[in-house]
Amino acid sequence: MTRLSLHALPALALLAFAGCGGDSSSEDEAAAASGEPPAPLTIWWFQWEPADGLEQLAADFTAETGIAVDVQQIPLSSYQEKVILEFGNARTAFDIVIGDSQWIGRRATKGL
């Protein structure tokens, strides 16, 4: 496998599972009943080549399902802080966030 595809596999899995939820929100049900397209998915990831690949996958996903996917690439220098601050909100600006495994250790050592 190429380096890009190895990094894109987790993102692909997230996209696949995003559409597999058993319960729909009332907003989604109302949109489906009215014939409106479902709400777009927003994915945050930091800026790097695999995120470009995710954008390509998202375009394919949208073409096949009609569900828009907005991949927002955030500069790495501010990504962790922006994501952590977003978790403090009642509702996040993203549906899916792709984190870094080192975050778990950093948060655990700080009692979170």
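Residues in the range 86-101 that are part of a helix (DSSP H, G or I) and either touching a helix residue (DSSP H, G or I) at 6+ places or on another chain (Cβ under 9 Å) or closer than 14 Å to residue 45 by Cα (or both): 86 only.
Condition check ((1) modelled with pLDDT under 95; (2) among the small types (Gly, Ala, Ser); (3) farther than 20 Å from residue 99 by Cα; (4) under 15 Å from the mean Cα position of the chain (by Cα)) across all residues:
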| position | (1), (2), (3), (4) |
| --- | --- |
| 41 | no, no, no, yes |
| 49 | no, no, no, no |
| 66 | yes, yes, yes, no |
| 70 | no, no, no, yes |
| 73 | no, no, no, yes |
| 77 | yes, yes, no, no |
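In summary, residue 106 fulfils each of the numbered conditions (1) within 25 Å of residue 49 (Cβ to Cβ); (2) basic (Lys, Arg); (3) assigned to a loop (DSSP other than H, G, I, E, B) with the single exception of condition (3). Restricting attention to the range 66-85, the residues that are surrounded by 14 or more Cβ atoms within 10 Å (Cβ to Cβ) and in a helix (DSSP H, G or I) total 5. Considering only residues of the range 86-99 that are without any contact (Cβ under 8 Å) to a residue 60 or more places away in the chain and surrounded by 14 or more Cβ atoms within 10 Å (Cβ to Cβ), which is nearest to residue 54 (Cα to Cα)? Out of the qualifying residues, it is 97.
The values are calculated or read from the model by the stated rules, or taken from the named source; none is laboratory data. Predicted model only: the values in this text are computed from it and were never measured. Cβ coordinates were reconstructed from backbone atoms using ideal geometry, including for glycine residues, and neighbour counts include every protein chain displayed.
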